[in-house]
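To start, the structure under review is shown below, and the notes come after it.
Bear in mind that the values in this text are calculations on the coordinates, not laboratory data. Source: prediction; values computed, not measured. For neighbour counting, all protein chains shown are included, and Cβ atoms are generated from backbone atoms with ideal geometry for every residue, glycine included.
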Amino acid sequence: MNRLKALTRAGMGRCQGRVCGHAAAEILARTLNEPVETVGRLRGQAPIKPIPLREPV
Amino acid sequence: MERLTVDVAIIGGGIAACSAAVALREAGLTVALLEKRLCGGGASGVNFGGVRQQGRDFSELPLSRRARILWDGLGAKLAEDVGFEATGHIKLARSESDMAVLEAYARDAAEYGLDLQLLGANALRAEMPWLGPAVIGASLSPTDGQANPRVVGPAFARLARRLGAEVREHAPVRHAAHDGAGFTVEAEGVSVRSRSLVNAAGAYGGAVAGWFGEAAPVAPLSPNMVVTEPLPHLVTRSIGVVGGDVYVRQTRRGNVVLGGGRGTADSVDGLARPVSATSLGAMDKTLTLIPDLAHAQVIRSWSGLDGEMPDHIPVIGPPATTPGLVHAFGFSGHGFQLGPVVGEILAELVTQGRSPLLSIRSGSSVSPRGVGRTGRRGDRALMTEESLRGITTMRRFLFAAATLALLGPAPALAQAPAGKTLTIGMAAADISQLDPFRATSTQDKPVVSWIFNGLVRFKPGSTSLETLEPDLAESWTRSDDGRTWTFALRKGVKFHGGYGELTADDVVYSLKRAADPKTSSFATDYAAFDAVEAVDPYTVKITLKHPVPSLLGLVANYHGGNVLSRKAVEAWATIFA
């Protein structure tokens, strides 16, 4: 999955893979004809949800 | 186990390594490239994406100038879009002294054929009305730009494959040796015999050099990067600042990429992580430059592993120890733009034993390349053979010692034994400043590190926070809630120049100065400091707003942790400002 991300930037958009990640893993697994458990998962990267540049007061 | 026999083996799979594979194939040689993970996934892929000549050390500028020409044709050569755009690179001044730095650099850069445009406040506002009031002027390099680091390395690797190079990923190299006839490189799953060997192993380049008797002091360097969601186009130029503590660009897609400071790295397991406090600091600094970004949403942060040399200048060239071996590593956080030209140079070194861009002198140790070969005119110092020898000597010394000990704080502040002078050349016309809270340039930082000490110090040869050791403080305690730290100072430490004994007052003065944005480029690192007090002449108490696990890193001999003599600063206030 992390290689898929590097090649296609799936998981690099606004949801950071939190929405699209599972679907992408399913597609990758089906394409490789392997169980979805074996394709790995995206490494977590801070922040866990989008945060504004300026802290809201 | 796969066995390959080729003309050239390459260790590493970054842009330097992959572009070397391309250039060597174009020269008709057979090539095997061994990458421990994925090509272009290391420092080549995680960096800011700046394609910048401006601000480079003059020893690198000729290479950077040549690389910039190659960038124009890179998309066509790779037959892929690498996102390169000559948006210009603008370096911002936040003070009059910043502006003076830009003026001096622009003057010298002109001698290398790099034209920079100095912009005053009005001209700058006219072009970029979205800049904040903290910015008072700038230097624009119109030919610089940006590209997408995620795609450049893999694109080079694909071209190398198309040209017939044997590219092996997930093939970490365990060992390489020369047996008199050629090289044997043992990697996971593959063993390579070759006549020549290119060491482009990035952060591990020093260790690879060590297999051939010349270990190099390469320290892990991790950028700390942040990116926002895509936004309407606003930031028209790639942006840097004097001091280098923050940099910002907006991608074609609209994401704003910003960075500054460092993440944490472990070169043993190869993992690097961004540091939240550093990300937040870079976000704050970005807002002072571009206030309109206040509501932009940050979606991701990242880091990666690069290798840094003590003088921040990469090692490119053949060592004296082993014929057929060529190094290119230690790009010290600014290798992305150079990548395409490094491949060209490596191919020249392998096929012809020399490269016109390097002016390698025979018999020199790991070559400092063509540093400063361009003579200077007028009243500025000429870069002579003398100073070149100095540089080579430094390299030799560092290689021989394979330690950063020399670059650490002076062992005793006042009692250095009288006698011999060690002359060390630097590839710079002059230092620009010695205020440790402002010095961030390539040439200034090592000098600062020789002069100042902190309460604690990085163990010589290490950049790990885990092994910090006592220096000006002989011991310290931390309260149970982690908010109060008390340091007991070493007694009898004297400042240079007759400024008397170090006391708690000097430490308090220095840390307050480090925390003040008016006097420090690192002030945001100290945002959690609530109070710094002298309990008695040899005891300093730091009270924090909230616990800071890495507090010792903030009082170490780096950036804001350096301790000044209050008396000396006040005596020289007019020039030490």
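Just going by the charge dipole of the protein assembly as shown, with Lys and Arg at +1 and Asp and Glu at -1 on Cβ, which of A:38, B:503, B:211 is farthest out on the positive end?
Of the options given, the answer is A:38.
In whole Hz, with x marking every Gly and Pro, tabulate ³J(HN,Hα) for region B:297-307 from phi via Karplus 6.51 cos²θ - 1.76 cosθ + 1.60, θ = phi - 60°.
9, 7, 10, 7, 10, 7, 8, x, 10, 10, x
So how strong a dipole does chain B carry about its Cα centre when Lys and Arg Cβ are +1 and Asp and Glu Cβ are -1, to the nearest 20 debye?
680 debye
Along Cα→Cβ, 7 Å out, is where each label goes; now give me the distance between the ones at residue B:5 and residue B:104 in nm to one decimal.
Modelled inter-label distance: 5.8 nm.
What FRET efficiency would be calculated for the residue pair residue B:573, residue A:33, taking the C-beta separation as r and a Förster radius of 60 Å, to the nearest 0.05?
0.25
For chain B, give me the percentage of DSSP beta bridges that are antiparallel, rounded to the nearest 5 percent.
75 percent
If a/c stays under 1.5 just call it rounded; otherwise compare a/b with b/c (prolate if a/b is bigger, oblate if not). Do that for region B:473-577, with a ≥ b ≥ c from the square roots of the Cα gyration tensor eigenvalues.
Because a/c hits 1.5 or more and a/b fails to exceed b/c, region B:473-577 counts as oblate.
In peptide B:289-296, how many Cβ atoms from other protein chains are near each Cβ within 10 Å, on average?
Shielding by partners across B:289-296 averages 3.
Report the local net charge at residue B:501: Lys and Arg +1, Asp and Glu -1, summed over other residues whose C-beta lies under 13 Å from its C-beta.
The answer is +3.
Summing +1 for each Lys or Arg and -1 for each Asp or Glu, what net charge is found among the other residues whose Cβ lies under 11 Å from the Cβ of residue A:50?
Summing Lys/Arg as +1 and Asp/Glu as -1 gives +3.
Using Cβ contacts closer than 10 Å as the measure, can you line up B:423, B:5 from fewest to most?
B:423, B:5
Under a crude label model (7 Å from the Cα following the beta-carbon direction), how far is residue B:475 from residue B:136 in nanometres?
Result for the modelled spin labels: 4.7 nm.
So for chain B, taking the charge dipole from beta-carbon charges (+1 Lys/Arg, -1 Asp/Glu), which of B:470, B:258, B:236 sits furthest toward the positive end?
It is B:236.
What average count of beta carbons from other chains do you get within 10 Å of the Cβ of residues in B:33-43?
The per-residue average across the peptide is 1.
If you count, for each residue, the other Cβ atoms within 10 Å and average over each peptide, how do B:106-116, B:342-352 line up from highest to lowest?
B:342-352, B:106-116
With the crude spin-label approximation of a point 7 Å out along Cα→Cβ, what separation in nm comes out for residue B:117 versus residue B:545?
Those two pseudo-labels are separated by 4.0 nm.
By the scheme Lys and Arg +1, Asp and Glu -1, what is the net charge of all other residues having a beta-carbon under 10 Å from that of residue B:219?
Charge balance in the 10 Å sphere: -2.
What is the set of long-range amide H partners of residue B:300 at a cut-off below 5 Å, with H atoms built 1.01 Å from backbone N?
HN-HN under 5 Å from residue B:300: B:227.
Please get the size of the charge dipole for region B:43-175, origin at its Cα centre, with Cβ charges of +1 on Lys and Arg and -1 on Asp and Glu, quoted in debye to the nearest 20.
580 debye
Which FRET efficiency, nearest 0.05, do residue B:421 and residue A:14 yield, Cβ-Cβ r, R0 45 Å?
About 0.15, to the nearest 0.05.
From the residues B:83, B:157, B:485, which one has its Cα farthest along the dipole of chain B in the positive direction, the dipole being from +1 and -1 charges on Cβ of Lys/Arg and Asp/Glu about the Cα centre?
Highest projection toward the positive end goes to B:157.
Roughly what angle does helix A:21-32 make with the longest principal axis of chain A, taking Cα atoms, 0 to 90 degrees, to the nearest 10?
Approximately 20 degrees, to the nearest 10.
Could you work out, residue by residue across B:88-95, how many beta carbons of other chains sit within 10 Å of that residue's beta carbon, and then give the average as an integer?
Mean partner-chain Cβ count within 10 Å for B:88-95: 0.
Using per-residue counts of other Cβ atoms within 10 Å, averaged over each peptide, order B:42-55, B:89-102 from highest down.
B:42-55, B:89-102
State the antiparallel share, in %, of DSSP beta bridges confined to the protein assembly as shown, rounding to the nearest 5.
75 percent
So what is the calculated 222 nm ellipticity per residue for chain B, using -39500 (n - 2.57) for each DSSP H run with n of 4 or more, over all residues, to the nearest 500 deg cm²/dmol?
Result for chain B: -7500 deg cm²/dmol, rounded to the nearest 500.
If we sort B:272-283, B:139-150, B:470-481 on the protection proxy, mean other Cβ atoms within 10 Å, highest first, what's the order?
Answer by packing, highest mean first, reads B:139-150, B:272-283, B:470-481.
Quote the relative contact order of chain B in percent (integer), defining contacts as alpha-carbon pairs under 8 Å separated by 6+ residues.
14 percent
Within chain B, which DSSP H helices have Cα atoms that stretch 18 Å or more along the helix axis and a mean Kyte-Doolittle hydropathy of at least -1.0?
B:96-110, B:149-162, B:276-289, B:339-352, B:385-401
Identify the residues of region B:61-99 with backbone N under 17 Å of a label point that sits 7 angstrom from the Cα of residue B:253 along the Cα-to-Cβ direction, or state none.
What the label zone holds, given the 17 Å backbone N cut-off, is B:81-85.
Can you classify chain B as rounded, prolate or oblate using the Cα gyration tensor, where a ≥ b ≥ c are the square roots of its eigenvalues, rounded means a/c under 1.5, and otherwise it's prolate if a/b beats b/c and oblate if not?
In terms of gyration-tensor shape, prolate.
Report the charge-dipole magnitude of the protein assembly as shown in Debye, nearest 20, computed about the Cα centre from +1 at each Lys and Arg Cβ and -1 at each Asp and Glu Cβ.
Its charge dipole is roughly 860 debye.
For region B:133-150 and region B:498-528, what is the centre-to-centre distance using only Cα atoms, to the nearest Å?
One Cα centre to the other: 31 Å.
Can you list residues from other chains, or at least 5 along the same chain, whose modelled amide H is less than 5 Å from the amide H of residue B:10?
Hits under the 5 Å cutoff: B:32, B:33, B:34, B:198.
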